[in-house]
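These notes concern the structure reproduced below.
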Amino acid sequence: MDGTERIEAVIVPAITAMGYEIVRVQMSGGRRPVLQIMAERLDGSPMTVEDCADISRTVSAVLDVADPIASAYTLEVSSPGIDRPLIRLQDFERFTGFEARVETRALVDGRRRFRGTLRGVVGDRIRLETDAGLAELPFDGILRAKLVLNDALLAARS
């Protein structure tokens, strides 16, 4: 279990009890690392600045007790935003019908970058309708993916 997985394991119970779900935990930076926590409400309503502040206070308290980070760090809490990253397999299923950009670790059909409409998940493969046809991408081979901000996504979020 790496550092971010340990941090996530420590904070998830408290965050879930508050009515939120962790989307991503990421540590970046050098001398003073930045711990980035992305969360969303379990009830599906939009995140507010107050939600982020509540999560920040709770995470700070939990991490002060558990002390999984050896050095000083900066904590940042945010919502995933409308053009959110797609992190979990369930994200690709949840946003079926929306446009996404996907980058893979290795070549798939001679390329690493894909853009198209999400067509769901079959087993552990993401289905993406591209201009070149249907691509099936292995979930464990995805480097990064996010929704594309467009009129359809904006209309769905209104």
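The values are calculated or read from the model by the stated rules, or taken from the named source; none is laboratory data. The structure displayed is predicted, hence computed values, not measured ones. Ideal geometry is used to build each Cβ from the backbone, glycine not excepted, and the neighbour counts take in all protein chains shown.
Just the residues that are among the charged types (D, E, K, R) and more than 15 Å from Glu40 (Cβ to Cβ), please, taken from segment 71-87.
Listed by number, the list holds a single entry, Glu76.
For segment 3-17, check the following and say yes or no: at least one residue is within 30 Å of Asn150 (Cα to Cα) and either outside any strand (DSSP E or B) or hydrophobic (A, V, I, L, M, F, W, C) (or both).
Checked against the condition, which is being within 30 Å of Asn150 (Cα to Cα) and either outside any strand (DSSP E or B) or hydrophobic (A, V, I, L, M, F, W, C) (or both), segment 3-17 yields no hits at all.
In the set Leu143, Leu134, Leu154, which member is at pLDDT 90 or above and over 18 Å from the mean Cα position of the chain (by Cα)?
Testing whether each residue is at pLDDT 90 or above and over 18 Å from the mean Cα position of the chain (by Cα) leaves just Leu134.
Regarding segment 52-65, can at least one residue be identified that is under 29 Å from Asn150 (Cα atoms) and in a strand (DSSP E or B)?
no
Residue-wise test of (1) at pLDDT 90 or above; (2) within 30 Å of Gly133 (Cβ to Cβ); (3) among the acidic types (Asp, Glu).
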{"position": "Ala66", "(1), (2), (3)": "no, no, no"}
{"position": "Ala70", "(1), (2), (3)": "no, no, no"}
{"position": "Tyr73", "(1), (2), (3)": "no, no, no"}
{"position": "Pro85", "(1), (2), (3)": "yes, yes, no"}
{"position": "Asp91", "(1), (2), (3)": "yes, yes, yes"}
{"position": "Thr96", "(1), (2), (3)": "yes, yes, no"}
{"position": "Ala100", "(1), (2), (3)": "yes, yes, no"}
{"position": "Arg112", "(1), (2), (3)": "yes, yes, no"}
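Which one is surrounded by the most Cβ atoms within 10 Å (Cβ to Cβ), of the residues in segment 7-21 that are free of Cβ contacts under 8 Å to residues at least 24 places away in the same chain and over 12 Å from Ser79 (Cβ atoms)?
Among residues in segment 7-21 that are free of Cβ contacts under 8 Å to residues at least 24 places away in the same chain and over 12 Å from Ser79 (Cβ atoms), the one surrounded by the most Cβ atoms within 10 Å (Cβ to Cβ) is Glu8.
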